[in-house]
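Asker: Okay, here's the structure, questions in a sec.
The values are calculated or read from the model by the stated rules, or taken from the named source; none is laboratory data. Here the structure is a predicted model, which means the values were calculated and not measured. Note: ideal-geometry Cβ built from the backbone for every residue, glycine included; neighbour counts use all protein chains shown.
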Amino acid sequence: MSSLLRERWKGGEATVGAWCTIPSSWTAEVAARSGHDWVCIDTQHGLIGYDVMLPMLQAISAGGVPSFVRVPWNEPGSIMKALDAGAGGVIVPMVNSVEEARAAVGACRYPPDGFRSMGPLRAREVDGGWRLPVCVVMIETVEAVARADEILAVPGIDAVFVGPNDLAVSAGLDSSYEGKDPEHRRLIEAISRAALGHGVAAGIMCGSPEVAAQWHKAGFVMLGLQSDTRLLAAASEEIAATSKGLIGKS
């Protein structure tokens, strides 16, 4: 399924993704069946460990969409275990240099293109494209933006994903998904231009449909919409506040 995403991105087609931070195979399956084009399991900032990640990947497979795992860090063991468990691709945080980009690609690719160890235990059972998973690197610091052209020229990178909040913090700016500060927006758009120049798909966390539409116009095609935790919190707050308001009037 990962190869289908590559083709859609090459054609400039927008894809929207769900973001799982809650350790639950059921919420992962709900996300996969909700109309999203892909689902990401966040093992960096989410509350998810390996033993829960595996059934979540199985649930996403049952939902019929591609899966990603955002690994905790640019560490080969974490990347390889996520891919061997059947993730269609990995999202690697805080890639700030060419060397770090090469390390991320190397952990995703078998020799001679990388150094991934052979042992795709679940991957080869569920994904015909298991030999070539999607490698997504995150650019989310001012340092990395300055080197974006060099980083995204590394062979084997399929997509770059922007962490807008980390990028804002790195630049000493207030965080926002939409890039309210002109300098913040300039940095984000610089990443999109670099991606376009190197034939790499550009992705970003959006937080809302309106922001997703905004960034798609700027060339982004891998659009993360919202995390399950934030969706649950927002809906819970709304229903509680509305109910108390109506009850208070009765």
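Asker: Looking at the stretch 97-113 only, could you name the residues that are in a loop (DSSP other than H, G, I, E, B) and either out of contact with any Gly (no Cβ under 7 Å at 6 or more places or on another chain) or closer than 14 Å to residue 80 by Cβ (or both)?
Answerer: First pass over the stretch 97-113, keeping only residues in a loop (DSSP other than H, G, I, E, B): 97, 109-113.
Selection gives 97, 109, 110, 111, 112.
Asker: Right, here's the next one. Out of the residues in the stretch 141-161 meeting the condition of being in contact (Cβ under 8 Å) with a residue 60 or more places away in the chain and of a type outside the set (Asp, Glu), tell me which one is nearest to residue 12 (Cα to Cα).
Answerer: 159
Asker: Just name the residue that is farthest from residue 140 (Cα to Cα) out of those in the stretch 175-213 that are within 18 Å of the chain's Cα centre (by Cα) and among the acidic types (Asp, Glu).
Answerer: The selected residue is 178.
Asker: Given the criterion assigned to a loop (DSSP other than H, G, I, E, B), out of contact with any Asp or Glu (no Cβ under 6 Å at 6 or more places or on another chain) and more than 27 Å from residue 163 (Cβ to Cβ), identify the matching residue among 131, 116.
Answerer: On the way: 116 fails: more than 27 Å from residue 163 (Cβ to Cβ).
That would be 131, the only listed residue that is assigned to a loop (DSSP other than H, G, I, E, B), out of contact with any Asp or Glu (no Cβ under 6 Å at 6 or more places or on another chain) and more than 27 Å from residue 163 (Cβ to Cβ).
Asker: Hey, another quick one. Hey, residue 94 hits all of (1) closer than 21 Å to residue 204 by Cα; (2) not in a loop (DSSP other than H, G, I, E, B) but one; which does it fall short on?
Answerer: (2)
Asker: Please list, ordered by residue number, the helices (runs of 4 or more DSSP H) wholly in the stretch 1-80 having 3 or more residues that are within 23 Å of residue 213 (Cα to Cα).
Answerer: Working: elements: 2-10, 25-32, 50-63.
So the answer is 2-10.
Asker: Against the definition (surrounded by fewer than 24 Cβ atoms within 10 Å (Cβ to Cβ) and under 30 Å from residue 183 (Cβ atoms)), how does residue 102 come out, yes or no? Spell out the reasoning first.
Answerer: Values: surrounded by fewer than 24 Cβ atoms within 10 Å (Cβ to Cβ): yes; under 30 Å from residue 183 (Cβ atoms): yes.
Considered against the rule, which asks whether it is surrounded by fewer than 24 Cβ atoms within 10 Å (Cβ to Cβ) and under 30 Å from residue 183 (Cβ atoms), residue 102 comes out as yes.
Asker: Can you list residue pairs whose Cβ atoms sit under 7 Å apart, with the first residue in the stretch 162-182 being among the β-branched types (Val, Ile, Thr) and buried (at least 18 other Cβ atoms within 10 Å of the Cβ) and the second being modelled with pLDDT of 95 or more and part of a helix (DSSP H, G or I)? Count only pairs 6 or more apart in sequence or on different chains.
Answerer: That search, which allows pairs on different chains as well, returns 162/188; 162/191.
Asker: OK, next. Tell me, yes or no, whether the stretch 220-243 has at least one residue that is touching a Leu at 6+ places or on another chain (Cβ under 7 Å), in a loop (DSSP other than H, G, I, E, B) and either modelled with pLDDT of 95 or more or among the aromatic types (Phe, Trp, Tyr) (or both). Break it down into steps so the answer makes sense when it comes.
Answerer: Residues of the stretch 220-243 that are touching a Leu at 6+ places or on another chain (Cβ under 7 Å), as a first pass: none.
Checked the stretch 220-243: no residue is touching a Leu at 6+ places or on another chain (Cβ under 7 Å), in a loop (DSSP other than H, G, I, E, B) and either modelled with pLDDT of 95 or more or among the aromatic types (Phe, Trp, Tyr) (or both).
Asker: Among the residues of the stretch 193-202, is any more than 30 Å from residue 57 (Cβ to Cβ) and outside any helix (DSSP H, G or I)? First the steps, then the outcome.
Answerer: To start, the set of residues in the stretch 193-202 that are more than 30 Å from residue 57 (Cβ to Cβ) comprises 193-194, 196-197.
Next cut, outside any helix (DSSP H, G or I) only: none.
Within the stretch 193-202, not a single residue is more than 30 Å from residue 57 (Cβ to Cβ) and outside any helix (DSSP H, G or I).
Asker: Mind checking whether some residue in the stretch 168-187 is of a type in the set (A, V, I, L, M, F, W, C), more than 28 Å from residue 47 (Cβ to Cβ), assigned to a helix (DSSP H, G or I) and at pLDDT 95 or above?
Answerer: For the stretch 168-187, residues of a type in the set (A, V, I, L, M, F, W, C), more than 28 Å from residue 47 (Cβ to Cβ), assigned to a helix (DSSP H, G or I) and at pLDDT 95 or above: present.
Asker: Then there's this: Answer yes or no: is there a residue in the stretch 42-57 that is closer than 24 Å to residue 128 by Cα, under 17 Å from the mean Cα position of the chain (by Cα) and among the aromatic types (Phe, Trp, Tyr). Spell out how you get there, then give the answer.
Answerer: Kept after step one, since they are closer than 24 Å to residue 128 by Cα, are these residues of the stretch 42-57: 42, 50-57.
So of that shortlist, the ones also under 17 Å from the mean Cα position of the chain (by Cα) come out as 42, 53, 56-57.
Within this subset, residues satisfying the condition of being among the aromatic types (Phe, Trp, Tyr) are none.
There is no residue in the stretch 42-57 that is closer than 24 Å to residue 128 by Cα, under 17 Å from the mean Cα position of the chain (by Cα) and among the aromatic types (Phe, Trp, Tyr).
Asker: Could you please let me know if residue 216 is under 19 Å from the mean Cα position of the chain (by Cα) and in a helix (DSSP H, G or I)? I'd like the intermediate steps shown before the answer.
Answerer: Values: under 19 Å from the mean Cα position of the chain (by Cα): yes; in a helix (DSSP H, G or I): yes.
So residue 216 passes the test.
Asker: Okay, next question. So which of 233, 213, 144, 240 ends up being crowded, with 16+ Cβ neighbours inside 10 Å and of a type in the set (A, V, I, L, M)? Give the steps one after another, and end with the answer.
Answerer: Numbers: 233 fails: crowded, with 16+ Cβ neighbours inside 10 Å; 213 fails: crowded, with 16+ Cβ neighbours inside 10 Å; 240 fails: crowded, with 16+ Cβ neighbours inside 10 Å.
Of the residues listed, the single one that is crowded, with 16+ Cβ neighbours inside 10 Å and of a type in the set (A, V, I, L, M) is 144.
Asker: Across the stretch 15-54, which residue is farthest from residue 192 (Cα to Cα) among those that are surrounded by fewer than 16 Cβ atoms within 10 Å (Cβ to Cβ) and among the small types (Gly, Ala, Ser)?
Answerer: Selected residue: 49.
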